[in-house]
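A short reminder: the numbers here are calculations on the coordinates, not readings from a lab. Note that the structure is predicted; figures quoted are calculated from it, not measured. All Cβ positions, glycine included, derive from the backbone under ideal geometry; neighbour counts span all protein chains shown.
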Amino acid sequence: MEFNTVELLGYASSLMVAISLMMKDIVWLRVLNFVGCVLFTTYGFMIDAMPVVVTNGFIACVNIYFLAKMQQERSKQTNLACESA
């Protein structure tokens with residue numbers, strides 16, 4: 001069975017998303033899922049499948065939004081801890 005680059009990218013994308021869903025830590029889940037979505041978006045462009053591109057591009061943006069939101073919350077908590085010390 002011979003694989004080409006496009007197929008390998010599709011399998012790598014699927015594997016990354018599957019691994020992300022096994023994470024207990026929400027940050028790791030979002031980071032790995034983001035990587036999987038970027039790979040899937042690239043895969044979608046390569047096979048000319050716009051539904052794959054749009055859906056995974058959107059999910060990648062959602063992951064970035066929530067990662068940024070979590071980072072802001074973490075920074076806010078750190079600032080509050082420093083001010084009360």
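With +1 on the Cβ of every Lys and Arg and -1 on the Cβ of every Asp and Glu, and nothing else charged, how large is the dipole of the chain about its Cα centre, in debye rounded to the nearest 20? The partial results should precede the final answer.
On the way: 5 positive and 6 negative charges, 77 e Å.
In debye, rounded to 20, the chain gives about 360.
Using the eigenvalues of the Cα gyration tensor, what equivalent ellipsoid semi-axes result for the stretch 26-83 when each is taken as the square root of five times the eigenvalue, whole Å, largest first?
Working: eigenvalues 207, 16, 7 Å².
Equivalent-ellipsoid dimensions as semi-axes: 32, 9, 6 Å.
Can you give me the angle between helix 50-84 and the longest principal axis of the chain, using Cα atoms only, in degrees from 0 to 90, rounded to the nearest 10?
Taking Cα atoms only, the helix is inclined about 20 degrees.
As I understand it, the value is the acute angle between the Cα axis of helix 26-46 and the longest principal axis of the Cα atoms of the chain; what does it come to in degrees, rounded to 10?
30 degrees
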